[in-house]
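Participant: What follows is a single structure, and I will ask about it in a moment.
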Amino acid sequence: MNIESLMTDVCGPLVLLAPTVLFAILGGLTLTGRPLPEKLINRMCISAGSLGFVASLLMLGLMLAGHSRHVAIEFGEWIHLPNFHLNVKFVFDRLSVPLAILSFLLCSTIGSFATRYLHREPGYQRFFVLLSLFMAGMVIASVAGTVETLFTGWEFVGLSSALLVAFFQERPAPARNAFRVWVVYRISDAALLLAAVALHHLTGEGDFDRALGGGPWPEGVTPLSAYNSLIVGSLLLFAAAGKSALVPFSGWLPRAMEGPTPSSAVFYGALSVHLGAFLLLRVSPLLDQSLILCVLVTALGLATSVYAYLAGAVQTDIKSALSFASLSQVGLIVAEIGVGFRYLALIHLLGHACLRTLQFLRAPSLLADFNSLENAIGQRLPSVDRGRWLSTRAYRFALARGFLDALLLRLVVTPFVQTFRWCDRQERRWAAWLAGPGAESRSKPEEWS
Amino acid sequence: MTASEIPWVELAISLPLIGAVVTGRIRDPRRAFQAGVAFTGLTLALSIAAMIVFFTGTPYYSLQERLLGSAMFRLDELNAPLLPLVALLHFLTCVATPRSKMRRFSVGWSLTSESIRLAIFACQYPPLLLALLVLCVLPPVMELRNRREPVRAYAIHMALFVVLLIGGGAGLQLSGKGAFAGWASAAMMLAILLRCGMAPTHTWLIDWLERASFGNAILFVTPLTGMYAAVRLVLPVAPDWVLNTIGLASLVTTVYAAGMALIQNDARRFFAYFFLSQASIVLIGLELHTPAALAGSLSMWISSSLSLTGFGLTLRALEARIGRVDLTRFHGLYRRTPSLAIAFMITGLACVGFPGTLGFVAAELIVDGAVVADPVVGLGVVLATALNGMAVVRVYLLLFTGADEPSTLSLIMGPRERFAILTVLALVIGGGLYPMPGVASRDRVARTILAERAVTVPGAAVPAAGH
């Protein structure tokens, strides 16, 4: 067996199969109503994560040994119609392999951490089902070789994120926040789907090698014109903005902290929040083609960074402060992508993800340590003047998180809900009139929750 | 006797009628229900056999040809998988009927409706198809009357449907391609729009789904009978402007209904609007009349029917446990029925074309076709699916999260419900992972329909051979 076949027949499939099989087993058993012991779940999760980690490391080693910068694994044409093709293709290159390694490493670490953190929690199995779905989604999105495959991973990540925000489901607040997160994700998904279809239409297929040029990342040259690159790139930027909580969608990030700390760490500190930046890195040949797109990306990144810095400066709880700190760095990474520092952005992304995971996981015990310290010295620790240096107006702006949520609520959500509620009332009247006297609707219009 | 000597299609259509007579004579609801399950199961087996005989190319025996000289009920590539689909929906709905609903779910009427529906989906003779479509509107009247619910809204809409259908059908038959053909097509188009519940004529559909027993309500709408009528009666002969009007009405309906589904506070009404939005997307493919979009539309038809039935069955199972489900508060049901929660989520997301499910490829095909034909249509479809996805998760969160109400009552799914819902899930996920055979078959159908249309309608586009 030579290096080539070892990469395409063993390592590549293992990277993909490890998280997918784990999700299929855990999800299938949960669906059929079979509770599993905590130890078994943990062992399965760690084993799958480790297997994927080793396979992706081996892939990296083999690529370095074979001086290969681009390994494509094709599983054939999933759909083959005379004028429509969907390929299942995965690509291992300088961008996808580090992110796949990072995904396995962090998901396994979080799985191990959560074993103790969520011990005897009623939703223990549910957490691991969603974590395995997330791991599968991250790995699929990382190594996707076509825009449709990337979309699949993207959706898996979105669904698992939203459901984990609602993990503590006895309280209504996590559910409400999960819904908000999901709404933003759906809008971002819609943009990605449109971008996928546009790319498919313009290049004949959704294959990145064809749409973004055949060279190894990031040296590909897209065959799309500057105008088409701008259109597709803008849709992708919109999708990335939703997923990575860039301005104006940043409001969901602190809300997502309702989930358990391990999921906050891996989703909003490390992986999920960087997926938008990863998408921009993956389609960087489009950026090279359009200066306007580069300016847009840079401006959005910088605006997000400044916004997150200001909002983070006045946060009073550790998870919110960390989430804004994370967002501030994501903004910088996006700006780096915009100005063309692709490798710097990738290294920044990897380093930031590891550091932020550590900070998130340390957060609960840090609070306990502070309490012990205060008990030991018999007085409060000196308080930090959070954001006192800001002017009153800037302080209010930061405290209200830039009024972004209020703005979206007033400009989009409220008119939408009011319009459709008015339609609902009119429809009920019309139905009552049609049904004749004495006939009442089986349900009453009430407040929207 | 070999398989080719058995009149499978005729048997599949007539067996439910025999079942209706037999179960009508059984007084005990439980025994009637058991007989109903047996008859629907046998019908499913017969329709699957008919499909296998068709796809294997075995020459099959037609009782009609022998008796009448021509076969009015027969299979082609379009309806060969639809017949088992309709039979499966009836079988699963019957199987999943909880004990508490056995008295309310009329097995006799359900079997009668199944027979009519199978006859519609097997019929290729337009005048008979018109008659069957008219006949199909009658069982719901009996259902509403039996439940002492007002019939007027339904009756007004269906009376209009029948008038337009017969008028349009007669006009098309008599005038051929003459001066009245346009008017006849328009009448037929309005009939189809009415039957499919396109806005603003959707009031009857919401009313029906709100007032009928959930099982019968699902069965009446989810096979998308109106779509079959559109493909058989309108698509081959209608001028482009008729299809464009259907497409426009469907586009408006899909976005409007998706928005309405998102703000509903009652699970039945939510399901009604959600169904309407998804069903409208299927019709949009007709307007685009390109092979990819039409293949997507036909694929979406099967995936939507299956997923929406599964979704409806999970809601029905919930209704059987906690009564009418209101969406103004959190119910916290996950802890007591986790399997139902997962099934709800998967079937709901399958309806909106979530990756890994049967609807994904169909949605991709429709959106691709729509973007190519008209970006506004593509945008509308994507917007509607995004809103529907939001609506599914909103309802999931309202039903399954929140404080758990202490109760000694077990809400775990029974074995029959589990079987029905797991069957739907297996098909939805299995079809999602291996979609090629189904999609290729729908693509062939789409090309055949468009080729026929190119012959009958002057100026209609001829499907390209591909590249």
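Participant: For the stretch B:328-358, which positions are under 18 Å from B:Leu298 (Cα atoms) and either touching a strand residue (DSSP E or B) at 6+ places or on another chain (Cβ under 9 Å) or modelled with pLDDT under 90 (or both)?
Facilitator: B:Leu358, the sole residue that qualifies.
Participant: Consider only pairs whose beta carbons are under 6 Å apart and that are at least six residues apart or on different chains; among these, list those whose first residue lies in the stretch B:53-69 and is assigned by TED's automatic domain parsing to the domain that holds B:Leu11 and among the acidic types (Asp, Glu) and whose second residue is at pLDDT 70 or above and assigned to a loop (DSSP other than H, G, I, E, B).
Facilitator: B:Glu65/B:Ala71
Participant: How many residues does the stretch B:422-440 contain that are within 11 Å of chain A (Cβ to nearest Cβ), under 20 Å from the mean Cα position of the chain (by Cα), closer than 22 Å to A:Asn87 by Cα and part of a helix (DSSP H, G or I)?
Facilitator: 4
Participant: Any residue at all in the stretch A:31-43 that is more than 30 Å from B:Arg418 (Cβ to Cβ), in the same structural domain as A:Val283 (by TED's automatic domain parsing) and of a type in the set (Val, Ile, Thr)?
Facilitator: Scanning the stretch A:31-43 turns up no residue that is more than 30 Å from B:Arg418 (Cβ to Cβ), in the same structural domain as A:Val283 (by TED's automatic domain parsing) and of a type in the set (Val, Ile, Thr).
Participant: Select from the stretch B:384-412 the residues that are within 8 Å of chain A (Cβ to nearest Cβ) and over 22 Å from the mean Cα position of the chain (by Cα) and list them in ascending order.
Facilitator: Those that are within 8 Å of chain A (Cβ to nearest Cβ) and over 22 Å from the mean Cα position of the chain (by Cα): B:Met390, B:Val393, B:Arg394, B:Leu397, B:Leu398, B:Phe400, B:Thr401, B:Gly402, B:Ala403, B:Asp404, B:Ile412.
Participant: State yes or no: is B:Met188 in contact (Cβ under 8 Å) with a residue 40 or more places away in the chain, crowded, with 17+ Cβ neighbours inside 10 Å, within 14 Å of chain A (Cβ to nearest Cβ) and out of contact with any Ser or Thr (no Cβ under 6 Å at 6 or more places or on another chain)?
Facilitator: no
Participant: Name, by its number, the condition in (1) in contact with a Pro (Cβ under 9 Å, 6 or more places away or on another chain); (2) modelled with pLDDT of 90 or more that does not hold for B:Val21.
Facilitator: Here B:Val21 clears every test but (1).
Participant: Condition test on A:Phe249, is it touching a helix residue (DSSP H, G or I) at 6+ places or on another chain (Cβ under 9 Å) and part of a helix (DSSP H, G or I)? Quick ask: steps written out before the conclusion?
Facilitator: Values: touching a helix residue (DSSP H, G or I) at 6+ places or on another chain (Cβ under 9 Å): yes; part of a helix (DSSP H, G or I): no.
Against the criterion (touching a helix residue (DSSP H, G or I) at 6+ places or on another chain (Cβ under 9 Å) and part of a helix (DSSP H, G or I)), A:Phe249 does not qualify.
Participant: Same structure, new question: Of everything in the stretch A:397-441, what is modelled with pLDDT under 90 and surrounded by fewer than 13 Cβ atoms within 10 Å (Cβ to Cβ)? Give them in sequence order.
Facilitator: A:Gly436, A:Pro437, A:Gly438, A:Glu440
Participant: Right, here's the next one. Out of B:Val372, B:Val381, B:Val361, I need the residue that is at the interface with chain A (Cβ under 10 Å from one of its Cβ atoms), assigned to a helix (DSSP H, G or I) and surrounded by fewer than 24 Cβ atoms within 10 Å (Cβ to Cβ). Which one?
Facilitator: Residue meeting the stated conditions: B:Val372.
Participant: Would you check if A:Ser323 is under 20 Å from A:Gly269 (Cβ atoms) and either touching a strand residue (DSSP E or B) at 6+ places or on another chain (Cβ under 9 Å) or in contact (Cβ under 8 Å) with a residue 60 or more places away in the chain (or both)?
Facilitator: Yes, satisfied.
Participant: Now for a separate question. Between a first residue in the stretch B:162-173 that is not assigned by TED's automatic domain parsing to the domain that holds B:Cys136 and a second residue that is of a type in the set (S, T, N, Q) and assigned to a helix (DSSP H, G or I), which pairs have beta carbons less than 8 Å apart while being 6 or more apart in sequence or on different chains?
Facilitator: If the second residue must be of a type in the set (S, T, N, Q) and assigned to a helix (DSSP H, G or I), no pairs are left.
Participant: Still on this structure, I have one more. So, in the stretch B:17-50, exactly how many residues are in contact with a Gly (Cβ under 6 Å, 6 or more places away or on another chain) and more than 19 Å from B:Val86 (Cα to Cα)?
Facilitator: We begin by selecting, within the stretch B:17-50, every residue in contact with a Gly (Cβ under 6 Å, 6 or more places away or on another chain); these are B:20, B:23-24, B:39.
Narrowing further to those that are more than 19 Å from B:Val86 (Cα to Cα): B:23-24.
Final tally of qualifying residues: 2.
Participant: Give the stretch B:191-250 a look and list any residue that's polar (S, T, N, Q) and under 22 Å from B:Ser303 (Cβ atoms), or say none.
Facilitator: Of everything in the stretch B:191-250, those that are polar (S, T, N, Q) and under 22 Å from B:Ser303 (Cβ atoms) turn out to be B:Thr222, B:Thr225, B:Ser250.
Participant: Something else: Please enumerate the residues belonging to the stretch B:87-120 that are among the small types (Gly, Ala, Ser), more than 19 Å from B:Ala320 (Cα to Cα) and modelled with pLDDT of 90 or more.
Facilitator: Taking the stretch B:87-120 first, the residues among the small types (Gly, Ala, Ser) are B:87, B:96, B:100, B:106, B:108, B:110, B:113, B:115, B:119.
Now drop any that are not more than 19 Å from B:Ala320 (Cα to Cα), which leaves B:87, B:108, B:113, B:115, B:119.
Those that are among the small types (Gly, Ala, Ser), more than 19 Å from B:Ala320 (Cα to Cα) and modelled with pLDDT of 90 or more: B:Ala87, B:Ser113, B:Ser115, B:Ala119.
Participant: Looking only at helices (runs of 4 or more DSSP H) that lie completely in the stretch A:269-388, which have at least 1 residues being under 17 Å from the mean Cα position of the chain (by Cα) and at pLDDT 95 or above?
Facilitator: In the stretch A:269-388, the matching helices (runs of 4 or more DSSP H) lie at A:275-282, A:291-313, A:318-339, A:342-377.
Participant: A further question on this structure: State whether one or more residues within the stretch A:196-207 are under 18 Å from the mean Cα position of the chain (by Cα) and more than 10 Å from every other protein chain (Cβ to nearest Cβ).
Facilitator: So the first thing to find is which residues in the stretch A:196-207 are under 18 Å from the mean Cα position of the chain (by Cα), and the list is A:196.
Next cut, more than 10 Å from every other protein chain (Cβ to nearest Cβ) only: none.
Within the stretch A:196-207, none of the residues are under 18 Å from the mean Cα position of the chain (by Cα) and more than 10 Å from every other protein chain (Cβ to nearest Cβ).
Participant: For the condition part of a helix (DSSP H, G or I) and either more than 14 Å from every other protein chain (Cβ to nearest Cβ) or in contact with a helix residue (DSSP H, G or I) (Cβ under 7 Å, 6 or more places away or on another chain) (or both), what is the one hit in B:Phe271, B:Phe330?
Facilitator: On inspection, the qualifying residue turns out to be B:Phe271.
Participant: May I ask you to say which residue of B:Phe354, B:Phe419 is of a type in the set (A, V, I, L, M, F, W, C) and either surrounded by 23 or more Cβ atoms within 10 Å (Cβ to Cβ) or within 7 Å of another protein chain (Cβ to nearest Cβ) (or both)?
Facilitator: Testing whether each residue is of a type in the set (A, V, I, L, M, F, W, C) and either surrounded by 23 or more Cβ atoms within 10 Å (Cβ to Cβ) or within 7 Å of another protein chain (Cβ to nearest Cβ) (or both) leaves just B:Phe354.
Participant: Return the pair list, or none, for Cβ contacts closer than 9 Å from residues in the stretch B:337-353 that are outside the structural domain of B:Ser299 (by TED's automatic domain parsing) to residues that are surrounded by fewer than 24 Cβ atoms within 10 Å (Cβ to Cβ) and not in a helix (DSSP H, G or I), at least 6 apart or on different chains.
Facilitator: Taking only residues 6 or more apart or on different chains, not a single pair turns up.
Participant: Give the number of residues within the stretch A:137-154 that are assigned to a helix (DSSP H, G or I) and touching a strand residue (DSSP E or B) at 6+ places or on another chain (Cβ under 7 Å).
Facilitator: Qualifying residue count for the region: 5.
Participant: Now for a different question. So which pairs qualify, if the first residue must be in the stretch A:141-157 and modelled with pLDDT under 95, the second must be of a type in the set (Lys, Arg), the Cβ gap must be under 6 Å, and the two must be at least 6 apart or on different chains?
Facilitator: Hits for this filter: A:Gly145/A:Lys89; A:Thr146/A:Lys89.
Participant: Then there's this: Could you go through the stretch B:64-75 and let me know if any residue there is touching a strand residue (DSSP E or B) at 6+ places or on another chain (Cβ under 8 Å), over 23 Å from B:Val234 (Cβ atoms), of a type outside the set (Ser, Thr, Tyr) and modelled with pLDDT under 90.
Facilitator: Yes, the stretch B:64-75 contains at least one residue that is touching a strand residue (DSSP E or B) at 6+ places or on another chain (Cβ under 8 Å), over 23 Å from B:Val234 (Cβ atoms), of a type outside the set (Ser, Thr, Tyr) and modelled with pLDDT under 90.
The values are calculated or read from the model by the stated rules, or taken from the named source; none is laboratory data. No experiment lies behind these values; they were computed from the predicted model shown. In this analysis, Cβ positions are derived from the backbone assuming ideal geometry, glycine residues included, and neighbour counts consider all displayed protein chains.
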